Amino acid sequence: MKLFIQIPCLNEEATLPLVLATIPTDIPGIDDIQLMIIDDGCTDNTVAVARSLGVQHVVHHAKPMGLARAFRDGVDYALKHGADIVVNTDGDNQYPSEAIGELVQPIVRHEADIVVGDRQTAKISEFSGFKKAMQHFGSWVVNKAAGTHIPDAASGFRAYSKRSLIQLNIVTEFSYCMETIIQAGNKRIAIASYAITTNPKTRESRLFSNIFEHMAKSGGAIIRSFLMFKSNVIFKWAALIFGVLGLVPIIRFLVFSFQGDGSGHVQSMLLGVALLMIASVCIALQIISEVQRIQRRLVEDELERTKEIQYSAPYQAIWASQDEWGAFMDSPEGGAGNADRTDRTSRTASAASAAQPDSTISAA
């Protein structure tokens, strides 16, 4: 099995050596370990430091694209180059690199497809009581939305199998952590947790300026992911609630009408009709959301098949000729790559020749 360890980096020249120093070079069940950084618009010497420390692969962003995009592009590169397992860790040395060997074992043993490192946030002395409470609450919300039991949903120290990465689709721009758990839970992907201890803090987070910004962005990501899978549930309950509320004043009006006093309670009838109309709209929206949910499943199923082809062994031979900037290099023998280029050039020349007016006719 081939393992890719990817490290998203934004100016991490000082801490990257700490991350790489304890990464295991031999892991039971793993035949090949590849190191990769995602250069998310670094302006320091992160890339040079990475190369000097033996990192074999670099994915470049011309400017910072954010953690979710860095993760997605790193996964794409790893799968194109034959990864069976992808481990994601941070460049600030928050997570213990030496634990990677144990982190991947549930996947190696085929017991899980995703393993999340549990930082045991209640024991982190650097976290305030409020932050610990919010971390716990956030994980509880994610688990409720996903139907999972992951103690630390915000942890970025994770291992993914190739199968799970083909099934997951990252659409958020902030952080993939919450979204992937909710998707995994709703797609019945086996997910497990592994307890770890974190390293001392080296710098402030660059994802957010304060915990309230983090809560707002994480909350938005959770809501979007939940709506992707269960928007029909929201409309179902809304229709039920408004329907019941609408029946109450209508029944009240009917009771008074049977008692001969209906003329003074028309407002109850109007309120009830309005609430029932809202319930009817919710029912219509529920039907639409259910149809869209089925359509999304069909689209994702087709996307999975496309990914399976894109990341298969024959295509890996093509991606192997791609350099770190995304351009395709000539093959060493000057064979297929040059032949294809020559063929395209020949076709272009032929087309251009055909488009030119005949010189003899023009002269005449």
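The values are calculated or read from the model by the stated rules, or taken from the named source; none is laboratory data. Nothing here was measured: the structure is a model prediction, and the numbers come from that model. Note that we place each Cβ from the backbone using ideal geometry, even for glycine, and neighbour counts take in every protein chain shown. These area figures cover heavy atoms from the full protein model, side chains too; ligands, DNA and RNA do not enter into them. Shrake-Rupley method; radii C 1.70, N 1.55, O 1.52, S 1.80 Å.
Per this entry, Asn93 is counted among residues that are over 17 Å from the mean Cα position of the chain (by Cα), under 21 Å from Val19 (Cα atoms), open to solvent by less than 30 Å² (accessible area, probe 1.4 Å) and not hydroxyl-bearing (Ser, Thr, Tyr). In the set (1) open to solvent by less than 60 Å² (accessible area, probe 1.4 Å); (2) modelled with pLDDT of 90 or more; (3) closer than 20 Å to Gln120 by Cα, the condition left unmet by Trp140 is number (1). Taking the numbered list (1) under 30 Å from Lys230 (Cβ atoms); (2) open to solvent by 70 Å² or more (accessible area, probe 1.4 Å) in turn, Leu270 passes all entries but (1).
Filtering region 105-122 to residues that are touching a Ser or Thr at 6+ places or on another chain (Cβ under 9 Å) and either among the polar types (S, T, N, Q) or touching a residue at least 12 places away in the same chain (Cβ under 8 Å) (or both) leaves Ile107, Ala112, Asp113, Ile114, Val115, Val116, Gly117, Asp118, Arg119, Gln120, Thr121.
Please enumerate the residues belonging to region 258-267 that are more than 16 Å from Gly246 (Cα to Cα) and loosely packed, with under 14 Cβ neighbours inside 10 Å.
Phe258, Gln259, Gly260, Asp261, Ser263, Gly264
Could you check region 67-87 and list, in sequence order, the residues that are within 12 Å of the chain's Cα centre (by Cα) and of a type outside the set (Asp, Glu)? Scanning region 67-87 gives Leu67, Ala68, Arg69, Ala70, Phe71, Arg72, Gly74, Val75.
Is there a residue in region 175-194 that is among the acidic types (Asp, Glu) and either in a loop (DSSP other than H, G, I, E, B) or surrounded by fewer than 17 Cβ atoms within 10 Å (Cβ to Cβ) (or both)?
Going through region 175-194, the residues among the acidic types (Asp, Glu) turn out to be 179.
Remaining after also requiring either in a loop (DSSP other than H, G, I, E, B) or surrounded by fewer than 17 Cβ atoms within 10 Å (Cβ to Cβ) (or both): none.
There is no residue in region 175-194 that is among the acidic types (Asp, Glu) and either in a loop (DSSP other than H, G, I, E, B) or surrounded by fewer than 17 Cβ atoms within 10 Å (Cβ to Cβ) (or both).
Met269: aliphatic (A, V, I, L, M), in contact with a Pro (Cβ under 9 Å, 6 or more places away or on another chain) and in a helix (DSSP H, G or I), yes or no? Reasoning before the result, please.
Numbers: aliphatic (A, V, I, L, M): yes; in contact with a Pro (Cβ under 9 Å, 6 or more places away or on another chain): yes; in a helix (DSSP H, G or I): yes.
Here the answer is yes, as Met269 does meet what is asked.
Restricting to region 68-90, what's the tally of residues that are touching a Lys or Arg at 6+ places or on another chain (Cβ under 6 Å) and open to solvent by less than 20 Å² (accessible area, probe 1.4 Å)? Steps first, answer last, please.
Taking region 68-90 first, the residues touching a Lys or Arg at 6+ places or on another chain (Cβ under 6 Å) are 82-84, 88.
If we keep only those that are open to solvent by less than 20 Å² (accessible area, probe 1.4 Å) too, we end up with 82-83, 88.
Matching residues across region 68-90 total 3.
Within the set Val58, Val104, Val116, the sole residue that is open to solvent by less than 30 Å² (accessible area, probe 1.4 Å), at pLDDT 90 or above and under 22 Å from Glu13 (Cα atoms) turns out to be Val58.
Quick check on Ala153: is it within 30 Å of Ser231 (Cβ to Cβ) and surrounded by fewer than 23 Cβ atoms within 10 Å (Cβ to Cβ)? It is false that Ala153 is within 30 Å of Ser231 (Cβ to Cβ) and surrounded by fewer than 23 Cβ atoms within 10 Å (Cβ to Cβ).
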